[in-house]
């Protein structure tokens with residue numbers, strides 16, 4: 001057989017399949033109610049998988065954004081809360097174990113930290129023009145601004161000279177700027193923190209919320225020494241920010257830093273000191289572990305949906321074989337081959353499944369969009385789930401269609417014509 005003959009045979013086979021596909025689509029469209037009933041099980045299952053995937057992907061992105069809003073490859077060390085003492089009515093939980101010198105210790109001794117910055121973090125009230133609002137005071141160094149990814153969208157950041165001179169300058173977050181100044185430009189204005197006036201020199205770029213849901217934009221940033229000496233009048237800090245080269249170094253950096261600080265604190269006070277550590281690597285592993293568990297649930301839902309839809313399509317196709325015995329016999333009598341009959345039912349089953357999958361994807365995207373608009377869900381288009389919702393039902397439908405196709409091909413044309 002020559003190459004031209006092989007090519008011509010392939011074209012005839014392709015035309016035959018296209019003709020059978022058009023015939024299957026025509027039959028399915030002619031019985032729209034039955035087609036909708038057969039495809040409804042797959043449609044519901046695919047739609048639920050798409051919605052769950054969209055919500056899961058949106059939630060994962062939201063968590064990752066919140067973790068990264070704190071900084072990159074970041075480790076936050078804070079002193080452990082003091083335990084309550086029985087019998088005392090008024091008790092303060094302020095712990096004074098961390099000092100600015102601890103930051104210098106880590107800079108000099110740590111082999112894994114690329115940057116270290118101390119920070120004083122307190123809840124204060126900011127006042128301007130008869131307005132007052134609670135906000136978070138962040139006293140840190142220039143290095144601390146860089147570690148936490150703080151940048152200015154208007155004005156400027158404070159520098160090392162202003163930090164050494166304990167200048168009364170401040171950066172305000174977008175939320176604080178809106179609450180205090182409304183539409184007015186805050187740069188150049190003077191606000192009160194407690195009774196101390198500070199000049200606003202810049203507005204921070206938006207950072208969103210952290211993992212705990214705290215608004216990082218409701219913050220006022222000042223130089224560390226300004227916060228310690230002029231605003232709070234304390235010698236201790238509330239946190240140490242450490243940055244590693246990569247996420248894989250964070251666990252080792254945590255062990256190293258806790259070891260150095262524990263040795264120093266133990267030598268200073270003679271008692272062991274505990275610390276609270278926020279490790280971005282641990283937070284990311286937790287978030288991804290939750291996402292993996294949700295994906296496993298979605299996989300189980302998808303398998304159940306495919307099985308339910310396949311059973312529904314199988315039942316409908318077997319019913320069609322029994323109903324269309326005369327038609328099958330007539331087609332065999334006028335020249336249709338056994339292979340044509342098989343392909344007709346396989347393609348018709350595949351068309352039913354494809355319709356259910358496509359409708360399920362459209363409905364799932366619509367429900368996820370409505371949830372994002374009305375219910376304020378965090379959703380993202382789950383392209384893998386959409387691709388699976390369009391392809392897997394077709395494969396499943398054609399596989400299920402093999403059984404009724406074989407039955408139809410085995411029918412006796414003479415008996416069918418007599419019916």
Label model pair residue 190, residue 293: point-to-point distance (7 angstrom along the Cα→beta-carbon line) in nm is 5.5 nm
Counting only DSSP beta bridges with both partners in region 81-273, the antiparallel fraction in percent, to the nearest 5, comes to 75 percent
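Please report 56, 349 as a ranked list, fewest other C-beta atoms within 10 angstrom at the top and most at the bottom.
On the way: 56 23, 349 30.
Fewest-to-most Cβ neighbours within 10 Å comes out as 56, 349.
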Label model pair residue 133, residue 410: point-to-point distance (7 angstrom along the Cα→beta-carbon line) in nm is 7.7 nm
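Rounded to the nearest 0.05, what FRET efficiency is calculated for residue 245 and residue 390 with R0 set to 60 Å and r the Cβ-Cβ distance?
On the way: r = 42 Å, r/R0 = 0.70.
Result of the calculation: an efficiency of 0.90.
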Computed over region 81-273, the relative contact order (Cα-Cα under 8 Å, seq sep at least six) in percent reads 28 percent
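Each value in this text was obtained by applying a stated rule to the coordinates, not by laboratory testing. All figures in this text were calculated on a predicted structure; none of them were measured in a lab. Don't worry about glycine lacking a Cβ; one is built from the backbone with ideal geometry, like all the others, and counts go over all protein chains shown.
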